[in-house]
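**Q** One structure, pasted below without further comment.
The values are calculated or read from the model by the stated rules, or taken from the named source; none is laboratory data. Owing to the predicted nature of the structure, the values given are computational and were not obtained by experimental measurement. Note that we place each Cβ from the backbone using ideal geometry, even for glycine, and neighbour counts take in every protein chain shown. What goes into the accessible areas is simple: the full protein's heavy atoms, side chains included, and nothing from ligands, DNA or RNA. Shrake-Rupley method; radii C 1.70, N 1.55, O 1.52, S 1.80 Å.
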Amino acid sequence: MKASYRWLRELVPALSASPSSVAERLTHAGLEVEGTIEYGAGTESCLVVRVSAVRPHPTKSGLRLVTVDRGAGQSQEVVCGAPNVPEPGGLVVLAPLGAYLPAKDLTIAPRAIAGVTSEGMLCSESELGLSDEGGGIIVLPPGTAGPGTPLSEAVPNARDTVFEIGLTPNRPDGLGHVGLARQLAALFELPFELPRPKPEALAKLAGVATQDLVTIVVDDRERCPHYGAAAAIDVTVGPSPLWAKYRLQALGVRAISNIVDVTNLVMLEYGHPMHGFDLDRVRPDAGDKKTIVVRRAKDGEVLKTLDGVDRSLVADDLLICDGEGPVALAGVMGGASSEIQDDTKRVLFECAYFEPRGVRRTARRNAMHTESSHRFERGVDPGDVAAVLDRAVALTLELAGGAAAKGRVHVQAGVARPEPEPIARRAIRFRGSRVGEVTGVDVPFAASIGILERLGCEIVKRDGETCEVLVPTHRPDLGREVDLVEEVIHVHGMDAVPTELPAIRASRDVGGREELARRAKEACAAVGLAEAITFSFTSARALEALAAPAPAVKLDNPMAEHQSVLRTTLLVGLLDAVKNARRHGERDVREFTVGPVFLAPSGAVRAERDALLPEERLRVAFALAGDRPAWLEKSRALDVWDAKGYAIEIARRLSGEPVSVVPCAREEAPRHLHPRGAAFVEVGGQRVGAFGPLHPDVVDALELDGEVLVFEMELDPFAAGAATPKFTAIPRFPASARDVALVVKDGIPAGEVEATVRAAAGPLAEAVRLFDRFVGGQVPAGHASLAFRVVYRSPERTLTDAEVDAAHANVVATASSKFGATLRS
């Protein structure tokens, strides 16, 4: 929402606070000012001047030398290339020497143009930051101001401070300047009155009444509880005066014509959208009577809106129709058939209250977010319809001439009447003590009542420090006593609320899980994985594709179909991230996530708590895809060995113990993994997780467009923390290292050979490490050479060569007898 500081001061004449002070108070009151814009900042140094003479440039066609009168007997000649330089006597805008134009970041200095020095510049709107229009210079209407007057004084609305306000959806009153002005008056304790047309503004009446010009029928009373109309005749459509044009442009609204601008000005003033129909283009009904009908659309009915698009409607859309068909999409946008034209003479103004949810559905369904729908969706003031219509008619007579049709027409509950029936207001019991109880700030009851009254509330049935508050119709967000407390403290001052931490009783269980999750995240980040924040919601289809346990919790009102159940595996969120990354052209992914999964309660859990609650298990998971990093060599795709390395290191960091990997037999491999690459991770003999490449069927079902390596592990086994490292004294005696290369059949796991070598080497073996695997060359087909380094050491003495040779010979003999291994030559 953009708000004009100058307009707010017009609505609250006693307001003298600076724009920065206004922004600060509004922000503290819950209407956050996210930024300010200095509109027309260059106009303060620019002058209104009168053209005295115009002659061609002596050497450059298309340029002219313009002599201007600056007032006080001063004149000067400037070079100008604009096509719309007026004849002598016309008023234009001059940026004199030294003037700074922020919109162009330009300081005016003498400049030679085709041999003629120009000591100033005649300005366009774009150069002053008034609009994007730069096709010609500004030509002011005759009599705007005398020569030498600063433009910001001649046309005050050309200089303004505009607030960018970030409104929450529950404050529709802030979508109009009247609502913001009311709030400011309450904050600064200033008088405020609703703007009302002066009696003379509506004194010129036509000889016809609005009710004689048009018949209004509301068929859908639920979606349109109140429809009001007023008319002006004999108007002249034309450009709006500069004050209206610049006021609209400062707020981001393009000026179109005086009648259309009236509807926009009134909407920005009251926050209540309205629409103007060309009454002569409103088609009559069968009885030749001009008629407006508010009804639901028929399935497939078509309406061409003001943006020139043919909209195919459904039965839930609310329409404004004339005697032959739709002319507007209620609360969203008008239709092209009855829009204001240059030859319009009679205008019918519509101001209504449309049910917010219906407008929201229509706007979403038709992909239309307009200034009108934005306000109706949040709930406009149903009690200001008459004031809005009177303001629109009075402003029309001021800008377009003509006369006002007598009276208005208000249709409520299907009954047409000249004046609207009062809107029933919500009554809330308010206790003065509740302010202190809720906020910790003791605000006197009289002060609280004064604040509420300044905000438009009415106090009735006062009894001591308790009263009944009638909520104004412009504040639909006030529904409970605590809402009134919030308003009181916003106006009294949020900075008065004490910054005291509430008493919190820490939960050991929650703290332990949070600590465990933190450790898991640190371990994953330490090995080079990036964290992905994933939803706990997913779809049953995705879980089924991963062969995960069936969902234990289904949402009654999900945000979307793909978020309708709680996850039973972390992989769904990670794989969604992989898919999105690949769709955006990013093939390399190394990510992890930590969080709970929600499983059907086991028997033990059912015995301890309500069976309806799921069992939450904390897990860690990662997904790898693409190529491993490479700088001096050709990139290679990540494979199962990379997944194994990451899985082992994460488990080792969390447990502090040795980690083993057990290849999965085909019949016990997790169904979402490829059976030829799946393996389990074990710590201390306990199976904690599994890793491997995704099964091709899963890749296809989830549309992942390529192989992905995944790992998922339970975290509860590591809740006690990592094992404490044990001190080992620095060896006193030297070690003796021997290498052995054993040729074995290719199907024998290297881990089994390593375990055999370790056992055969006996107690003298300090370490055994596989450092090479080789196939090809002199190694027979179907075989592989596994090279191990065995480190021998005694903690008590230096080993002899004979002792080491004997132990090493046992290694070779044992490997030969168990695996048929031979030494590689």
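**Q** So for the pair ALA413, ALA72, with labels modelled 7 Å out along Cα→Cβ, what separation do we get in nm?
**A** Going by the 7 Å Cα→Cβ label model, 6.8 nm.
**Q** Same structure again: Between GLU421 and ARG758, what length comes free when the chain is fully extended (0.36 nm per residue of separation minus the Cα-Cα distance, one decimal in nm)? Before the final figure, lay out each step's value.
**A** Working: separation 337, 0.36 × 337 = 121.32 nm, distance 9.48 nm.
Contour length minus the Cα-Cα distance gives 111.8 nm.
**Q** Could you tell me the accessible area of HIS808 in Å² (1.4 Å probe, neighbours in place), rounded to the nearest ten?
**A** 30
**Q** Rolling a 1.4 Å sphere over the protein heavy atoms, what is the accessible area per residue of segment 466-568, to the nearest Å²? The partial results should precede the final answer.
**A** Values: 6030 Å² over 103 residues.
With all protein chains present, segment 466-568 gives 59 Å² per residue.
**Q** Further, regarding this structure: Where does each of TRP641, TRP631 land when they are ordered by accessible area, with a 1.4 Å probe and the largest first? Present the calculation step by step, with values, prior to reporting the outcome.
**A** Values: TRP641 175, TRP631 215 Å².
Highest to lowest solvent-accessible surface, that is TRP631, TRP641.
**Q** Take TYR100 and GLU667, extend 7 Å from each Cα along the Cα→Cβ direction, and tell me the distance between the two endpoints in nm.
**A** Here the answer is 8.5 nm between the modelled labels.
**Q** LEU194 to THR59: FRET efficiency via 1/(1 + (r/R0)^6), r the Cβ-Cβ distance, R0 41 Å, to the nearest 0.05? Kindly include the intermediate steps, with their values, before the conclusion.
**A** Working: r = 62 Å, r/R0 = 1.50.
For LEU194 and THR59, the calculated efficiency is 0.10.
**Q** For ALA446 and GLU616, calculate 0.36 nm times their separation in residues minus their Cα-Cα distance, and state this gained length in nm to one decimal. It would help to have the intermediate numbers written out before the result.
**A** Numbers: separation 170, 0.36 × 170 = 61.20 nm, distance 5.19 nm.
Fully extending the segment from ALA446 to GLU616 adds 56.0 nm.
**Q** Counting pairs of alpha carbon atoms under 8 Å apart in space and at least six apart in sequence, what relative contact order in percent does the chain give? All intermediate terms of the calculation are to be shown ahead of the outcome.
**A** On the way: 1688 pairs, mean separation 66.3, N = 825.
Over the chain, the number comes to 8 percent.
**Q** Still on this model: Quick check: the distance between the Cα centres of segment 658-714 and segment 384-429, to the nearest angstrom?
**A** 70
**Q** Moving to a separate point now. Take ALA701, project a point 7 Å from its Cα along the Cβ direction, then tell me which residues of segment 561-586 have their backbone nitrogen under 19 Å from it.
**A** Answer for segment 561-586: 561-580.
**Q** Report, to the nearest 10°, how far helix 750-761 tilts away from the longest principal axis of the Cα atoms in the chain, using its own Cα long axis and a range of 0 to 90°.
**A** Helix 750-761 sits roughly 40 degrees off the main axis of the chain.
**Q** Taking LYS289 as the anchor, which aspartates and glutamates have their alpha carbon closer than 17 Å to its alpha carbon, excluding any fewer than eight residues away along the same chain?
**A** Hits, sequence-local ones excluded: ASP212, ASP278, ASP280, ASP322, GLU324.
**Q** Residue by residue through segment 410-415, what is 3J(HN,Hα) from phi via Karplus (6.51 cos²θ - 1.76 cosθ + 1.60, θ = phi - 60°)? Round to whole Hz and write x for glycine and proline.
**A** 10, 10, 10, 6, x, 10
**Q** Give the cross-link partners of LYS726 among the lysines, using a straight C-alpha distance below 30 Å as the criterion and excluding same-chain residues fewer than 8 apart.
**A** LYS521, LYS644
**Q** At 1.4 Å probe size, put GLU707, GLU667 in order of accessible surface, largest to smallest.
**A** Working: GLU707 110, GLU667 160 Å².
Most to least solvent-accessible, the answer reads GLU667, GLU707.
**Q** Might you work out the accessible area of LYS245 for me, using a 1.4 Å probe with all protein chains in place, and round it to the nearest 10 Å²?
**A** Accessible surface of LYS245 is approximately 50 Å².
**Q** Pop out the ³J(HN,Hα) list for segment 242-248 in order, Karplus 6.51 cos²θ - 1.76 cosθ + 1.60 with θ = phi - 60°, rounded to Hz; leave Gly and Pro as x.
**A** 4, 4, 6, 4, 6, 5, 5
**Q** Expressed as an acute angle from 0 to 90° and rounded to the nearest 10, what is the orientation of the C-alpha long axis of helix 356-365 relative to the principal long axis of the chain?
**A** So the inclination is approximately 70 degrees.
**Q** For GLU153, what accessible surface area do you get with a 1.4 Å probe? Give it in Å², rounded to 10.
**A** 130
**Q** Quick one: check the C-alpha center-to-center distance for segment 148-206 versus segment 735-763, whole angstrom.
**A** Centre-to-centre distance over Cα atoms comes out at 87 Å.
**Q** Here is a further query. Please name whichever of VAL497, CYS123, ALA400 sits farthest to the positive end of the charge dipole of the chain, dipole taken about the Cα centre and charges placed at Cβ: Lys and Arg +1, Asp and Glu -1.
**A** VAL497
**Q** Another question, then. Which angle between 0 and 90 degrees, to the nearest 10, do you get for helix 19-28 versus the longest principal axis of the chain when only C-alpha atoms count?
**A** Approximately 50 degrees, to the nearest 10.
**Q** Per residue, how much space in cubic angstrom lies within the convex hull of the C-alpha atoms of the chain? Before the final figure, lay out each step's value.
**A** Working: hull volume 253.5 nm³, N = 825.
With only Cα atoms used, the chain gives 307 Å³ per residue.
**Q** Taking 0.36 nm per intervening residue step and subtracting the Cα-Cα distance, what contour gain separates PHE771 from ARG283 on full extension? Don't skip to the end; give the middle numbers.
**A** Details: separation 488, 0.36 × 488 = 175.68 nm, distance 9.03 nm.
Separation in residues times 0.36 nm, less the Cα-Cα distance, equals 166.6 nm.
**Q** Give the long-range amide H neighbours of LEU106: residues separated by 5 or more places, or on another chain, with amide H under 5 Å away, using H modelled in the peptide plane at 1.01 Å from N.
**A** LEU101
**Q** Using a Förster distance of 25 angstrom, determine the FRET efficiency expected from the C-beta separation of ARG583 and GLU531, and round it to 0.05. Display every interim value, and only then the final one.
**A** Values: r = 21 Å, r/R0 = 0.82.
FRET efficiency, ARG583 to GLU531: 0.75.
**Q** Oh, and also: Round to the nearest 0.05 the FRET efficiency obtained for GLN341 and SER312 when R0 = 30 Å and r is the Cβ-Cβ distance. Mind showing how you got there, number by number?
**A** Values: r = 26 Å, r/R0 = 0.86.
Efficiency computed from Cβ-Cβ geometry: 0.70.
**Q** Which distance in nm do the two modelled labels at MET559 and LYS745 give, with both placed 7 Å along the Cα-to-Cβ direction?
**A** 5.5
**Q** Give, rounded to the nearest 20 debye, the magnitude of the charge dipole that segment 430-519 has about its Cα centre when Lys and Arg contribute +1 at Cβ and Asp and Glu contribute -1 at Cβ.
**A** Working: 12 positive and 17 negative charges, 81 e Å.
Around 380 debye, computed over segment 430-519.
**Q** Another question, if that's okay. Sorted by accessible area (1.4 Å probe), largest first, how do LEU106, LEU184 line up?
**A** Values: LEU106 70, LEU184 0 Å².
From most exposed to least exposed: LEU106, LEU184.
**Q** Another question, then. With θ set to phi - 60°, apply the Karplus curve 6.51 cos²θ - 1.76 cosθ + 1.60 along segment 114-128 and write out the HN-Hα couplings as whole Hz, x wherever there is a Gly or Pro.
**A** Couplings: 6, x, 10, 7, 10, 10, x, 8, 7, 9, 9, 5, 5, 5, 9 Hz.
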